[in-house]
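The values are calculated or read from the model by the stated rules, or taken from the named source; none is laboratory data. From a predicted model like this one, the values you see are computed outputs, not experimental measurements. FYI the Cβ positions are ideal-geometry reconstructions off the backbone, even for glycines, and counts take in every protein chain you see. Accessible surface areas use protein heavy atoms only, side chains included; no ligands, DNA or RNA. Shrake-Rupley method; radii C 1.70, N 1.55, O 1.52, S 1.80 Å.
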Amino acid sequence: MSAAQSGAKPYYFVPQPSHWPITGSAALLFLGLGAAFWVNGMDAGPWLVGLGFCILLVMLFGWFGTVIGESEGRLYSRRVDRSFRWGMSWFIFSEVMFFAAFFGALFYVRNLSVPDLGSLNSKLLWPDYTAGWPTVGPYLKETFTPMGAMGIPLLNTIILLTSGFTLTVAHHGLTSGHRGQLKIWLLLTILLGATFLGFQAYEYTHAYSELNLKLSSGVYGSTFFMLTGFHGAHVTIGAIMLTVMLGRTVKGHFTPDHHFAFEAAAWYWHFVDVVWLLLFVLVYWLV
Amino acid sequence: MSSIPHDHATGHAEEPPHAHDDHAHGPHGGIMRWVTTTNHKDIGTLYLCFSLIMFFVGGIMALTIRAELFEPGLQIVHPEFFNSMTTLHGLIMIFGAIMPAAVGFANWMIPMLIGAPDMAFARMNNWSFWLLPPAVILLGVSFFVPGGAAAGGWTLYPPLSTQAGMGMDLTIFAIHIMGASSIMGSINIITTILNLRAPGMTLMKMPLFCWTWLITAYLLVAVMPVLAGAVTMLLTDRHFGTTFFNAAGGGDPVLFQHVFWFFGHPEVYILILPAFGIISSIIPTFARKPLFGYASMVYAVAGIAILSFIVWAHHMFTVGMPAAGLLFFMYATMLIAVPTGVKVFNWLATMWKGEMTFEAPMLFAIGFLFLFTLGGFTGLVLAITPVDIQLQDTYYVVAHFHYVMVAGSLFAFFGGTYYWIPKWTGTMYDERLGKLHFWGSMIFFNITFFPMHFLGLAGMPRRIPDYAQQFADWNMVASIGALGFGLSQLIFLYAVIKCIRGDGAKAPAKPWDGGDTLEWTLPSPPPYHTFETPPVIR
């Protein structure tokens with residue numbers, strides 16, 4: 001309130017009317033329609049998805065650009081900053097629950113549905129099926145080799161954990177005003193993230209071409225690719241966030257006490273890091 | 001709302017700096033005002049109007065169902081279309097009518113109740129609303145694609161949903177978009193309540209409506225992503241060869257039911273808790289007494305929310321579960337009666353020896369109290385595992401959840417509308433129309449849904465367009481009641497439109513003697529921006 005009285009900042013910044021939300025809504029309408037058309041083999045599908053994606057990109061650039069402009073224009077009071085902290089925390093919580101659905105599915109198939117299909121209950125339906133993990137299930141006849149934990153996945157664990165460390169070093173550089181340190185360690189974090197994604201792409205290729213492990217390889221393939229795939233998508237988003245932060249750093253944004261965007265990206269990065277640790281243990285290791 | 005005054009409620013001297021000074025004071029004109037608005041009152045109005053439209057769309061679907069069930073035999077619609085009607089009626093009423101109505105109340109009232117200048121994320125607030133029309137467009141398009149709209153029930157159980165046509169894909173993406181809308185709306189509400197309360201407005205001084213929404217929003221953030229995960233697995237099972245819900249690959253259709261109801265049970269509390277908050281605002285006002293047992297009300301809502309996460313499998317007693325699971329979920333479900341009972345008795349105690357008057361909001365609150373409690377009791381009946389095994393998927397279940405959803409949530413929203421519409425529009429509603437609407441709704445609601453208990457106990461299954469002769473009488477009664485209930489809602493529409501057009505007595509700042517919350521300190525209608533500097537609460 002004192003800030004408002006001194007005229008420096010409003011008590012709480014309420015933005016002017018904006019056309020970015022409706023732009024985003026149009027994007028999601030086209031994406032939803034297009035995706036439904038696409039998965040049903042209709043020609044318009046990919047075009048609509050492409051259109052929706054382009055509109056979405058325009059919206060993201062425009063909307064985030066506006067927010068960055070307002071932030072750099074120092075329109076955000078400490079109270080606005082606190083709102084962003086609450087908002088980001090609850091967003092990450094929602095992401096945790098999204099992954100919880102898939103981890104829950106993994107738990108269920110490993111501990112309930114697969115053992116049940118191999119139990120006496122199901123002998124009449126599936127007389128030859130022996131329950132175990134990994135499995136393609138009682139009906140599918142293909143065989144595959146499961147993904148080992150100690151090769152690339154272990155390497156990727158080390159890479160992501162290291163990236164969490166380098167990001168913290170970058171943050172220390174930011175808070176202590178050493179912008180050179182910030183830039184170098186932030187760049188290093190992004191490169192580690194990119195390396196992780198490169199390894200994961202290689203791992204997927206290896207799975208499809210040599211292990212015969214596919215998305216359609218029973219519940220093992222389903223849970224493996226959906227969990228690691230969504231995680232990879234989140235690493236990609238996190239890496240994009242960090243790249244934006246690097247770009248903003250180069251442009252001279254952020255001060256030691258005004259850089260929540262950086263912290264939000266860092267929180268997100270640590271979140272995908274923790275999800276990976278769970279993945280490494282529950283998907284790769286405990287087979 | 002013919003004109004919006006531009007003066008400020010609180011007279012602070014300086015204008016906040018704005019990026020575009022030419023728009024600094026007010027909204028855009030015309031349609032663009034509503035498309036681009038960042039004002040919580042505008043967005044609240046959008047939500048409420050959208051939900052009213054969807055209420056009538058879903059209502060027409062319900063009347064289609066009741067028309068088909070008027071007599072035994074197939075007469076009006078194809079069975080496939082009937083199935084689409086039951087499915088879309090559920091989805092539209094839940095995601096299009098009740099939830100947006102609750103969010104509309106939250107948008108209008110929470111900033112005014114806690115002394116905040118607006119919602120914490122005003123632009124995102126706009127997006128939360130404007131994601132709903134695309135989602136509804138997807139659902140609408142699904143009627144015109146090969147195979148028609150989703151027809152497996154709003155619960156989207158596989159294997160029906162994995163085998164259905166393209167309408168299911170559109171439904172899945174519609175749910176993704178509505179989920180994104182809900183999550184953003186909820187984060188907004190949580191942040192507003194936690195960060196934008198006026199000085200002195202401690203959490204335990206907040207009007208109960210804010211508490212119920214805080215907890216509802218927490219539930220939404222926790223379970224909406226789980227629903228997104230469930231329908232994503234459905235999508236990949238349908239098109240990308242995964243076997244989450246297919247035993248051939250080691251999966252299980254029952255897995256979907258677990259994931260779905262992990263979302264679905266908290267979801268039903270998401271639908272009712274804001275209604276509790278509205279009732280907790282109305283009853284003290286018209287009993288002219290403070291709410292009895294405020295703290296215990298807060299703890300009861302929190303208790304209901306926590307319990308809602310550990311009762312989901314009572315929706316699945318017939319799918320096969322170990323006896324220990326059946327017992328656990330039965331007892332956990334019954335436990336919910338404890339905090340709910342706390343709330344009901346507190347409402348009664350608030351009325352005890354109060355100087356009560358019975359205007360439309362209070363009538364709906366008392367109607368709520370009777371009928372919601374009745375729906376709660378049939379819920380307890382259904383919680384008993386051996387009974388539920390008999391009643392699963394019968395009309396008894398339909399009767400139960402319409403008692404809590406229609407006579408519960410919907411009645412509370414009607415009451416809340418009559419309670420706050422003088423504030424929103426500056427015009428008093430027509431009391432005679434309000435009372436007529438109440439009695440029409442109350443009587444026809446019971447004519448529609450009370451016989452469904454008998455039908456269910458006699459064994460009539462839900463979601464079937466035809467039935468045996470023995471069910472004919474009560475079905476005819478229910479269908480007549482449904483028509484009456486539908487017509488009664490036109491009174492509501494007329495009463496609301498009258499207020500919006502300013503056709504009625506001018507509302508004072510505080511139309512109800514008993515109202516002691518912050519919104520009544522503002523003029524009716526309130527200025528476009530309120531509490532730009534926060535009031536101080538003693």
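Odds and ends about this structure:
- Residue that is surrounded by the fewest Cβ atoms within 10 Å (Cβ to Cβ) [pool: residues in region A:96-106 that are over 17 Å from residue B:253 (Cα atoms) and within 7 Å of another protein chain (Cβ to nearest Cβ)]: A:100
- Residues that are in contact with a helix residue (DSSP H, G or I) (Cβ under 6 Å, 6 or more places away or on another chain) and surrounded by fewer than 23 Cβ atoms within 10 Å (Cβ to Cβ) within region B:392-401 comprise B:394, B:398, listed in sequence order.
- Unmet criterion (only one of (1) in a helix (DSSP H, G or I); (2) away from chain A (no Cβ under 14 Å)) for residue B:72: (1)
- Filter result for residue A:63 (part of a helix (DSSP H, G or I), open to solvent by 30 Å² or more (accessible area, probe 1.4 Å) and within 11 Å of chain B (Cβ to nearest Cβ)): yes
- For region A:221-251, the set of residues classified as of a type outside the set (A, V, I, L, M), in contact (Cβ under 8 Å) with a residue 12 or more places away in the chain and more than 14 Å from every other protein chain (Cβ to nearest Cβ) consists of A:232, A:236, A:238, A:243, A:248, A:249, listed by residue number.
- The residue of region B:232-266 that is surrounded by the most Cβ atoms within 10 Å (Cβ to Cβ), among those that are more than 7 Å from chain A (Cβ to nearest Cβ) and among the charged types (D, E, K, R), is B:237.
- If you check B:191, B:216, B:212 for being modelled with pLDDT of 95 or more, at the interface with chain A (Cβ under 8 Å from one of its Cβ atoms) and within 23 Å of the chain's Cα centre (by Cα), only one passes: B:191.
- Being over 19 Å from the mean Cα position of the chain (by Cα), among the aliphatic types (A, V, I, L, M) and within 25 Å of residue A:98 (Cα to Cα) holds for only one residue in B:310, B:336, and it is B:310.
- Candidates are the residues of region B:434-491 that are among the hydroxyl-bearing types (Ser, Thr, Tyr) and closer than 30 Å to residue B:389 by Cβ; the one that is nearest to the chain's Cα centre (by Cα) is B:448.
- Residue match in region A:36-56 (condition: in contact (Cβ under 8 Å) with a residue 40 or more places away in the chain and open to solvent by 30 Å² or more (accessible area, probe 1.4 Å)): no
- Within region A:114-135, residues that are more than 24 Å from residue A:215 (Cα to Cα) and in contact (Cβ under 8 Å) with a residue 60 or more places away in the chain reach no partner that is outside any loop (DSSP other than H, G, I, E, B) and open to solvent by less than 40 Å² (accessible area, probe 1.4 Å) with beta carbons closer than 9 Å at six or more positions or on different chains.
- Any chance residue B:177 is more than 7 Å from every other protein chain (Cβ to nearest Cβ) and touching a residue at least 24 places away in the same chain (Cβ under 8 Å): no
- Checking each residue of region A:75-92 against the condition of being part of a helix (DSSP H, G or I), over 26 Å from the mean Cα position of the chain (by Cα), on the phi < 0 side of the Ramachandran plot and at the interface with chain B (Cβ under 10 Å from one of its Cβ atoms) gives at least one match.
- Residue in region B:95-109 that is touching an Asp or Glu at 6+ places or on another chain (Cβ under 8 Å), at pLDDT 95 or above and more than 14 Å from chain A (Cβ to nearest Cβ) present: yes
- Entry remark, region A:208-220: residues being part of a helix (DSSP H, G or I) and either within 7 Å of another protein chain (Cβ to nearest Cβ) or open to solvent by 10 Å² or more (accessible area, probe 1.4 Å) (or both) number 6 in total.
- Residue among B:248, B:275 that is modelled with pLDDT under 95 and either outside any helix (DSSP H, G or I) or not basic (Lys, Arg) (or both): B:248
- Scanning region A:174-192 for residues that are assigned to a helix (DSSP H, G or I) and more than 14 Å from residue A:250 (Cα to Cα) yields a total of 6.
- Scan of region B:185-207 for residues that are part of a helix (DSSP H, G or I), touching a residue at least 60 places away in the same chain (Cβ under 8 Å) and surrounded by fewer than 23 Cβ atoms within 10 Å (Cβ to Cβ), ordered by number: B:195, B:204, B:205
- Residues being modelled with pLDDT of 90 or more, open to solvent by 80 Å² or more (accessible area, probe 1.4 Å) and more than 9 Å from chain B (Cβ to nearest Cβ) - total across region A:107-123: 2
- For region B:480-538, filtering for residues that are in a helix (DSSP H, G or I), in contact with an Asp or Glu (Cβ under 9 Å, 6 or more places away or on another chain) and open to solvent by 10 Å² or more (accessible area, probe 1.4 Å) leaves 3.
- Some residue of region B:444-456 being of a type outside the set (Lys, Arg) and surrounded by fewer than 17 Cβ atoms within 10 Å (Cβ to Cβ): no
- Residue A:21 meets all of the listed conditions (1) facing another protein chain (nearest Cβ under 7 Å); (2) not in a helix (DSSP H, G or I) but one, namely (2).
- Considering A:157, A:166, A:135, the condition of being outside any helix (DSSP H, G or I), surrounded by 14 or more Cβ atoms within 10 Å (Cβ to Cβ) and not aliphatic (A, V, I, L, M) is satisfied by A:135 alone.
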